[in-house]
């Protein structure tokens, strides 16, 4: 199945978020890195992969929710980032990762947590979308367009 690249946007708006693509890249990095783990570290490798995947899953799932729920899911994504930090440290202690790989992992995780934090911050700003919701800024239903302010969808920011 070939993807239509003629449309600038996507049906699934979370796909327009840079942090989502960064999470996908990190999953790919974790897959490739854990292939280097010995067989006796397969449980740690599996946990690493699951934790990395959870970052993207939480971003995607939260995007279909109302604003406060989206923030909750973004915070869960940050929790998964922290799990990956712990696993990176454990893999370091077990001698499974080189210094370069440890630095790569930690740098990507720090960048993602900053990006997620910035997205959360943009969603928490008071007064957003009030005109579209009869003066309410805490209940946006399940429409993704209402859950994320248009400025937040700038792929270059998040």
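For the reader, a short list of remarks on this structure follows.
- Of the residues in region 11-20, none is under 29 Å from residue 126 (Cα atoms), part of a helix (DSSP H, G or I) and more than 16 Å from the chain's Cα centre (by Cα).
- Number of positions in region 21-36 that are at pLDDT 95 or above, more than 14 Å from the chain's Cα centre (by Cα) and either surrounded by fewer than 18 Cβ atoms within 10 Å (Cβ to Cβ) or closer than 17 Å to residue 112 by Cβ (or both): 6
- Filter result for the condition that a residue is modelled with pLDDT under 95 and either in contact with a strand residue (DSSP E or B) (Cβ under 7 Å, 6 or more places away or on another chain) or more than 23 Å from residue 19 (Cα to Cα) (or both), over 134, 129: 134
- Counting the residues of region 83-125 that are touching a helix residue (DSSP H, G or I) at 6+ places or on another chain (Cβ under 8 Å) and in a helix (DSSP H, G or I) gives 26.
- Filter result for residue 60 (part of a helix (DSSP H, G or I) and touching a residue at least 24 places away in the same chain (Cβ under 8 Å)): yes
The values are calculated or read from the model by the stated rules, or taken from the named source; none is laboratory data. Since we're looking at a predicted model, the values are computed, not measured. Reconstructed Cβ throughout: ideal geometry from the backbone, glycine too, with neighbour counts over all protein chains shown.
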